[in-house]
1. Return a yes/no flag: does region 54-72 have any residue that is at pLDDT 95 or above, touching a His at 6+ places or on another chain (Cβ under 8 Å) and at negative phi.
2. Does Gly45 meet the test of being small (Gly, Ala, Ser) and at pLDDT 85 or above?
3. Mind telling me which of the residues Leu132, Leu158 ends up being at negative phi and modelled with pLDDT of 90 or more?
4. Any idea which of Ser111, Ser125, Ser93 is farther than 15 Å from Val78 by Cβ, surrounded by fewer than 18 Cβ atoms within 10 Å (Cβ to Cβ) and polar (S, T, N, Q)?
5. What residue, among those in region 95-113 that are touching a Cys at 6+ places or on another chain (Cβ under 9 Å) and not hydroxyl-bearing (Ser, Thr, Tyr), is farthest from Ile182 (Cα to Cα)?
6. Given (1) of a type outside the set (Val, Ile, Thr); (2) in the same structural domain as Val76 (by TED's automatic domain parsing); (3) modelled with pLDDT of 95 or more, where does Glu198 come up short, assuming only one miss?
7. Which one of the conditions (1) touching an Asp or Glu at 6+ places or on another chain (Cβ under 9 Å); (2) outside the structural domain of Gly60 (by TED's automatic domain parsing) does Arg92 fail to meet, given that it meets all the rest?
Amino acid sequence: MMQIDAKNVKILREKTGAGMMDCKKALVEAEGNEAKAITILREKGLAAAARRSGRAANEGVIEAYIHLGGKVGVLVEVNCETDFVARNEEFRSFVRQICLQVAAANPQYMSKDDVPAEILNQERSILRAQALNEGKPEKIVEKIIEGRIEKFYKENCLLQQAYIRDQEITIKDLLAAIAAKIGENIVIRRFTRYVVGEDLVDEASGSEG
């Protein structure tokens, strides 16, 4: 199999709006030729995903998932454009995968745009102190902080997280791929993750003062 540079995959994804997996496959099929890869994606109907993102997604499903013998529970709402797609098995399968992702990876936010400024400022302050305590030169501390903030996003933001079943792609890539395949705008609207006793522990520790 031909080796494809990840940078070229990213460029093709930005140009077509297709998922990372599909872009990689198209580049392999096109032997690295970008123009040919774009044609391949268009022929498969995968290059129009970006244009669909502005269309209203008012249908969809709410999926529930219970894990670890009832110790962890997840609720996820994923929207699409039509009731027909909401009943589609591939769409439903995608929603189930998002439930599994939330259960396993415990994201705190939907995307990096949803992280509150005060949380980011606090994180940057902690990371700055860590870098200086590690003896890093002041002139490269900011670069180190930004790199670690990106890691923070990848750990805490659902869309930026690596997909638990394929670490080479993100949930955002997976979302783009299903939207392209189904032909509708797909939106992960919200999620909630419950852990038995989690809030009770917080309340107990907070009441001791």
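The values are calculated or read from the model by the stated rules, or taken from the named source; none is laboratory data. Note that the structure is predicted; figures quoted are calculated from it, not measured. Quick reminder, even Gly has a Cβ in these numbers, built from the backbone with ideal geometry, and neighbours come from all protein chains shown.
1. So far as region 54-72 goes, no, none of its residues is at pLDDT 95 or above, touching a His at 6+ places or on another chain (Cβ under 8 Å) and at negative phi.
2. Values: small (Gly, Ala, Ser): yes; at pLDDT 85 or above: no.
No.
3. On the way: Leu132 fails: modelled with pLDDT of 90 or more.
Answer to the check: Leu158.
4. Details: Ser111 fails: farther than 15 Å from Val78 by Cβ; Ser93 fails: farther than 15 Å from Val78 by Cβ.
After ruling out the rest, the residue left standing is Ser125.
5. Keep residues of region 95-113 that are touching a Cys at 6+ places or on another chain (Cβ under 9 Å), which gives 107-113.
Of the ones still in play, those that are also not hydroxyl-bearing (Ser, Thr, Tyr) are 107-108, 110, 112-113.
Values: Pro107: 26, Gln108: 28, Met110: 22, Lys112: 26, Asp113: 26 Å.
Across region 95-113, the extreme among qualifying residues is Gln108.
6. Among (1) of a type outside the set (Val, Ile, Thr); (2) in the same structural domain as Val76 (by TED's automatic domain parsing); (3) modelled with pLDDT of 95 or more, the lone unmet condition for Glu198 is (3).
7. Evaluating Arg92 over (1) touching an Asp or Glu at 6+ places or on another chain (Cβ under 9 Å); (2) outside the structural domain of Gly60 (by TED's automatic domain parsing) leaves (2) as the failure.
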